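Okay, structure first, notes after.
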Amino acid sequence: MNLSDSRTAGQPAPLARLSAAEAVFNAIRQDIESGAVPVGSKLSSESTLSQQYGVSRSVIREALRSCTALGLTVTKTGKGTFVVADKVANDLALGQYSARDLTEARPHIEVPAAGLAAERRSDGELETLRHLVAAMRTETDPESWVALDSSFHAAIARASGNRVFASVVADIRGALAHQSETLNMVADRQHASDTEHQDILAAIEAGSPEDARAAMAHHLHAVGLALDSILNT
């Protein structure tokens, strides 16, 4: 049964852009977990879902990426998206890395990188960080926000002056973006992340390595708690 087959109340009203991907994701997830769209079935095409919910195909893709990250669906190129489980997996699939991979590794990379950034950042690097934080606080497009988020973390690693830290964070940027996207939809993390990013920036701006490390550690701990809340539901 396709997703559209489970809808009997007619076309839903168009959704506001800010919450569109989250609303579509929640609707699809509910259909899968309730059995309305059973394991083994194929979801409707992106274009069909786009018309059904009155949103763009990019919004549909955001929602489907989170379904895949939670282990509920698998998208096969040229064939479509298929339901493979009716409950959340015990880890998130984020491209070539998993959420567990990121949770275990990031504190050992990004916490010391933040401390070094507070000591070594140039005026130009500080201005870049300020711009990214300001842009995130006013960004209403979820996809654009997660791109800014991953850019912020990569910019801190570069500002550390340590090429190993910079290279590692650059390598995981795609996974970080997918993780943020899913957390924003499922755990409503965007506003809290904005506040945490501001705290990290303030410490780097003040030139306080200790505060920068503490602020980054707090941020990563909060991300870990949000992941646990998703995976343990």
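The values are calculated or read from the model by the stated rules, or taken from the named source; none is laboratory data. All of these numbers come straight from a predicted model, not from anything done at the bench. Virtual Cβ from ideal backbone geometry, glycine too; neighbours counted across all protein chains shown. Just so you know, the surface numbers come from the protein's heavy atoms only, side chains and all, with ligands and any DNA or RNA stripped out. Shrake-Rupley method; radii C 1.70, N 1.55, O 1.52, S 1.80 Å.
How much length is gained on full extension from D194 to A105, taking 0.36 nm per residue of separation minus their Cα-Cα distance? Display every interim value, and only then the final one.
On the way: separation 89, 0.36 × 89 = 32.04 nm, distance 2.19 nm.
Taking D194 through A105 to full extension adds about 29.8 nm, to one decimal.
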Mean accessible surface per residue for the range 51-113, computed with a 1.4 Å probe while every protein chain stays in place, in Å²: 48 Å²
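Just to verify a number: FRET efficiency for T138 and A206, C-beta to C-beta distance, R0 = 22 Å, to 0.05? Mind showing how you got there, number by number?
Details: r = 23 Å, r/R0 = 1.06.
Here the calculated transfer efficiency is 0.40.
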For the chain, averaging the sequence separation of alpha carbon pairs under 8 Å that lie six or more residues apart and dividing by its residue count, the contact order in percent is 21 percent
In straight Cα distance, which aspartates and glutamates are under 15 Å from K79, not counting same-chain residues fewer than 8 positions off? E46
Could you tell me what percent of the accessible area of the chain is made up of carbon and sulfur, with a 1.4 Å probe and every protein chain present? 51 percent
Whole-Hz ³J(HN,Hα) for each residue in the range 132-137, computed from phi via Karplus 6.51 cos²θ - 1.76 cosθ + 1.60 with θ = phi - 60°, x for glycine and proline: what do you get? 5, 5, 5, 5, 5, 5
Quick one: compute the contact order of the range 155-217, relative version, from alpha carbon pairs under 8 angstrom and 6+ residues apart, as a percent. 17 percent
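Length gain on complete extension for the stretch E33 to S58, per 0.36 nm per residue less the alpha carbon to alpha carbon distance?
Values: separation 25, 0.36 × 25 = 9.00 nm, distance 2.34 nm.
My answer for the length gained is 6.7 nm.
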Inter-site label distance for T48 and V74 at 7 Å from Cα along Cβ, in nm: 2.1 nm
With runs of 4+ DSSP H residues as the only contributors, calculate the mean residue ellipticity of the chain at 222 nm using -39,500 (n - 2.57) per run, divided by the residue total and rounded to the nearest 500. -22500 deg cm²/dmol
Taking the Cα atoms only, what angle lies between the long axis of helix 190-206 and the longest principal axis of the chain, rounded to 10 degrees? 10 degrees
Please work out the average accessible area per residue across the range 157-233, using the 1.4 Å probe convention, and give it in Å². 45 Å²
For the chain, longest principal axis from Cα atoms; helix 99-120 axis from its Cα atoms; angle between them, nearest 10 degrees, is 30 degrees
Do you know the relative contact order of the range 65-151, to the nearest whole percent, from alpha carbon pairs under 8 angstrom that are 6+ apart? 15 percent
To the nearest 10 degrees, how steeply does helix 173-187 sit against the main Cα axis of the chain, on a 0 to 90 scale? 60 degrees
